[in-house]
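Trainee: So that we are looking at the same thing, I have put the structure below in structure tokens.
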Amino acid sequence: PASSMEELVSLCKRRGFIFQGSEIYGGLQGFYDYGPLGVELKNNIKAAWWRSNVYERDDMEGLDSSIIMHRMVLRHSGHEATFADPMVDNKKNNKRYRLDHLVKDQKADVIERVAQGIGEDAANFPAVVAALVAQPAKASEVLKAAGVRDAFSGEVGDWTEPKPFNMMFKTTIGPVADEESYGYLRPETAQGIFTNFKNVVDSTSRRLPFGIAQIGKAFRNEITPRNFIFRVRELEQMEIEFFCVPGTDEQWHEHWLEKRLSWWEAQGVPRSKIALLDVPPEDLAHYSKRTYDLMYDYPTLGFEEIEGIANRSDYDLGSHTKSQAELNLVATVTENNDSIAKLTIPHPETNKPVVPFVIEPSAGVDRALLAVLSEAFTKETLENGSERIVLKLRPHLAPIKVAVIPLARNREEITTVAKAIKAELQGLGLGRVLYEDSGNIGKAYRRHDEVGTPYCVTVDFDTLGLGGGEGKTSDPALKDTVTVRDRDTLAQTRVKISELAGWIREKLN
Ligand code: ATP
């Protein structure tokens, strides 16, 4: 695995996985662009998720809902009122910080003084933050007295009272900018699933239990985006809302925890690197009955959330439904006089309308990609003493499945065969196959090690029965064969061209 974030950032830029957004104008904080290899890796991760959670199950439907949503959706979901992080400003330089990030980044003795000042135990960090938020006037004094330093200037700051900062991006819809002509960029894909619940049920005849899966962009105006693609303002999520009969929710919660851990394992992110956090009741989001956070051990950052699996009870459908009063909701919801739909489904036993409970496994694509890269990153010392970087990605995730390399790019007999092989392998539908004639063979191997290409196929003079290229005679047994180099073992095998497609297909599956 990678030993630091810098190692990954540098590989990503060097090889074309990830670039800073709007870079040629100085960059835009919290936005990243996925380059030629990044887009392949990302697509492969999403495809693996979709395969496992939609195609391989018989109780799931897919969805792709719009990104900009009616302001009423985000009002009744609770996001307008509560989707906020506490923020403080440093009056000395007008820099703005997310309160918990600011405090967490201080030296241990400073954190200790903040905790004491606000009357909490430093070991219970969320409680310290909660107390600072609850007593804003005192918080401002405590931060200053404890010597909380500005991350930017390094000086002890003069801090404002913490106040909530709503993270939703708001945008004007249509030509008239009146009071009501605005919508929100969704801060999670989930709300599109809840608002389509009735449509999906009516069009598919689904009965409980079943789920709806969606992959898509979400937007959060993070106060302090940082740590590369770990915390960004434009992110992508892979979310499932699994609807079940109230009372069976706890079992389904356990089911999904197990499923998701084994999915991560199949992507090369082992359980041993994921710590399970059973979120304490006082830290739960407003909608949650119970939440498991999967915390992956990121290089440099340590354990941070890669996926949340929440039991959202009947909160969401209950919040978005009309006729709330007659539905015996378990969750506390605010009154809804705007919705025109009743979000119920027949109970499978009694046939009476019921608002299902929801289990939500919600993973970030960007954080997944970072974890997958980090696990695959390997530095090896070879037998000859040289060092190589190799991405040991699972083959189904590799951006390039096979590179086909003509040993001499100016010999038409060789390039013609190499191009034909590329076309044949591309036709297998395994993903990208690259025709690679951009340099010497050693450099090509090094590059493909670094981007995780499982196999390099080389067409040489022996393939054509032409000898070594410098007047050497050729072994007739090698005619119509190519060299296949294995990324992980470095073994080079001669394979007949006529058998190559089958050979590759078998290895890559
Ligand atoms: P955090 O506490 O780290 O801000 P969160 O608890 O707000 O995350 P959720 O609302 O549970 O996150 O979102 C579900 C998933 O979406 C997270 O597990 C994470 O993988 C991803 N995610 C959330 N916010 C971001 C972000 N700003 N950048 C990248 N991924 C994110």
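The values are calculated or read from the model by the stated rules, or taken from the named source; none is laboratory data. Owing to the predicted nature of the structure, the values given are computational and were not obtained by experimental measurement. Cβ placement follows ideal geometry from the backbone for every residue including glycine, while neighbour counts extend to all protein chains displayed. Ligands, DNA and RNA are excluded from the accessible area calculation, which covers all protein heavy atoms including side chains. Shrake-Rupley method; radii C 1.70, N 1.55, O 1.52, S 1.80 Å.
Residues are listed down the side, and each one gets a yes or a no for (1) of a type in the set (Asp, Glu); (2) at pLDDT below 95; (3) within 16 Å of the ligand (Cβ to nearest atom); (4) in a strand (DSSP E or B):
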{"position": "Met168", "(1), (2), (3), (4)": "no, no, yes, no"}
{"position": "Lys198", "(1), (2), (3), (4)": "no, no, no, no"}
{"position": "Gly211", "(1), (2), (3), (4)": "no, no, no, yes"}
{"position": "Ile229", "(1), (2), (3), (4)": "no, no, yes, no"}
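Trainee: A further question on this structure: Being under 26 Å from Glu236 (Cβ atoms), hydrophobic (A, V, I, L, M, F, W, C) and assigned to a loop (DSSP other than H, G, I, E, B) is the filter here, so list the residues in the range 300-359 that pass it.
Mentor: Leu301
Trainee: Let me ask you something else. May I ask you to list the residues in the range 76-116 that are more than 30 Å from Leu317 (Cβ to Cβ), of a type in the set (S, T, N, Q) and within 30 Å of the chain's Cα centre (by Cα)?
Mentor: Gln106, the sole residue that qualifies.
Trainee: Condition first: under 11 Å from the mean Cα position of the chain (by Cα) and among the basic types (Lys, Arg). Now tell me which residues in the range 221-241 satisfy that.
Mentor: Arg231, the sole residue that qualifies.
Trainee: Applying the selection to the range 435-463, what residues are in contact (Cβ under 8 Å) with a residue 12 or more places away in the chain, open to solvent by less than 40 Å² (accessible area, probe 1.4 Å) and over 26 Å from the mean Cα position of the chain (by Cα)?
Mentor: Glu436, Ala444, Tyr445, Tyr455, Cys456, Val457, Thr458, Val459, Asp460, Phe461, Asp462, Thr463
Trainee: Does Ala331 count as closer than 23 Å to Ala190 by Cα, in contact (Cβ under 8 Å) with a residue 40 or more places away in the chain, surrounded by fewer than 16 Cβ atoms within 10 Å (Cβ to Cβ) and away from the ligand (no atom under 16 Å from the Cβ)?
Mentor: no
Trainee: Something else now. If only one of Ile240, Ile223 is within 12 Å of the ligand (Cβ to nearest atom), open to solvent by less than 50 Å² (accessible area, probe 1.4 Å), touching a Pro at 6+ places or on another chain (Cβ under 6 Å) and not in a helix (DSSP H, G or I), which one is it?
Mentor: Answer to the selection: Ile240.
Trainee: Same structure, new question: Which of the following residues is away from the ligand (no atom under 15 Å from the Cβ), open to solvent by 60 Å² or more (accessible area, probe 1.4 Å) and more than 30 Å from Thr204 (Cβ to Cβ): Ser66, Ser3?
Mentor: Answer to the check: Ser3.
Trainee: Between Ser362, Ser374, which is within 15 Å of the ligand (Cβ to nearest atom), within 15 Å of Phe243 (Cα to Cα) and either under 23 Å from the mean Cα position of the chain (by Cα) or not in a helix (DSSP H, G or I) (or both)?
Mentor: Ser362
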